[in-house]
1. So how strong a dipole does region 24-115 carry about its Cα centre when Lys and Arg Cβ are +1 and Asp and Glu Cβ are -1, to the nearest 20 debye?
2. Pull up the DSSP beta bridges for region 24-115 and report the antiparallel fraction as a percent, rounded to 5.
3. Carbon and sulfur atoms: what percent of the 1.4 Å accessible area of region 56-102 do they account for?
4. Averaged per residue, what accessible surface does region 122-221 expose to a 1.4 Å probe, in Å²?
5. Once you place label points 7 Å from the Cα toward the Cβ at Arg334 and Ser379, how far apart are they in nm?
6. Output needed: percent of Cα pairs per 5 Å distance bin for region 24-115, bins running from 0 to the one holding the longest distance.
7. Taking 0.36 nm per residue of separation and subtracting the Cα-Cα distance, what length does fully extending His84 through Lys363 add?
8. Taking each pair of different alpha-carbon atoms in region 122-221 once, compute 1/r for the pair, average those values, and report the inverse of that mean as the Kirkwood hydrodynamic radius in Å to one decimal.
Amino acid sequence: MWWRVFSLLAWFPLQEAFLTNHTETITLEEGQTLTLKCVTSLLKTTSLQWLTPSGFTIFLNEHSALKNSKYQLLQHSANQLSIHVPNVTLQDEGVYKCLQYSHFVSTKEVKVVVLATPFKPTVEASVIRKQNGEVHVVLKCSTLRSKPPPQITWLLGNGMELYGGTHHEFETDGKKCNTTSTLIVHAYGRNSSVDCIIRHKGLQGRKLVAPFRFEDLITDEETVSDAPEGSSLSSQHPQQPTSTVSVMEDSSTSETDKEEKEQTTQDLDLTTEANPQYMEITRKKSGILLLTLVSFLIFILFIIVQLFIMKLRKAHVVWKKENEISEHTLESYRLRSNNEEISSQEKNGQTSQPKRYMNYITKLYSEAKTKRKENIRQSKLKEKHSHLPESIV
């Protein structure tokens, strides 16, 4: 029985000693106030410490460790340390840590996510006239400086909502981005309308809407003459309002037909030929191919240079060897002439024949020099024709 009591008493401190880290996430909009609370349930006196995402100490108990006045002490007690950061920016997001010092060290992590709500969108329209007489209207809806990227859709006058070709362009900090959605309209009525709708986490369920009316686009007589084409389509279906875009159908169709027409409208209205993402991928592939080709050419050039250097070294060794042979031959001729001259003098009893001796030495030296030049010429000629087959040489 006693061992059970001791085991229970020992379990509680062990449970506290092996306490796992606590993690929570706080999401707020840019400009709001961030509040960080660190509370411990330990009854003993402890020390509490808050750390920035980069690892610097903000507060150790009630003592401030940073000169930055942005971090302010909210509350401090034996088991609680709370701070707050007013007017947060994207640079304030990250993982903050609270360290609890006692007989052991416990850590609490708070992941802070800062949202940047997008600006009110703007819609720009441009007219494209093809050679066959067709008129297309390109609508571009843009919004700036949002994080994360927003969702952009197009709401037609008949209640149909479509996705356009969306392009995200991030700023230099890599956090905020500018988003543009493109919609191509092939047919429209004079009183047609379309709305650009922005959805974002920071809007908390709200929407940003930028309306566009096609009657503002029709300014000249040529464009006005194109308007009855869209009206003629609606005249075939009297129940359909004139504020439709591209495809006009009878409102009495079934739900399946509506889904098929919605897909058809999306395929007709959206273009992927001028999709910036596709063009960017194509440029990257072209750059990789060019880099690979340049690397291959450099490698081939390096091999050619190495082969040329090896050939020069081989020719230098041959020349050096022949030069040594020529010098050795010349020296042999000199020794031979000296010996013969001495032997001749001893045999004939002559004491001195300087003139004859000098003529003989000069003759031997000339012959050796001529032979040496011939050897060098033959070596150069052989090196020059070394790339030809031996039968040709």
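1. The dipole of region 24-115 has a size of about 320 debye.
2. Here the share of antiparallel DSSP bridges comes out near 85 percent.
3. The C+S portion of the solvent-accessible surface of region 56-102 is 52 percent.
4. Here the per-residue accessible area is 51 Å².
5. Each label point is offset 7 Å from its Cα along the Cβ direction, giving 1.9 nm.
6. Going from the shortest bin to the longest, the percentages are 3, 14, 27, 26, 17, 8, 4, 1.
7. 89.6 nm
8. 14.6 Å
The values are calculated or read from the model by the stated rules, or taken from the named source; none is laboratory data. All figures in this text were calculated on a predicted structure; none of them were measured in a lab. No Cβ is skipped: glycine too gets one built from the backbone with ideal geometry, and neighbour counts run over all protein chains shown. Only protein heavy atoms, including side chains, enter the accessible area calculation; ligands, DNA and RNA are left aside. Shrake-Rupley method; radii C 1.70, N 1.55, O 1.52, S 1.80 Å.
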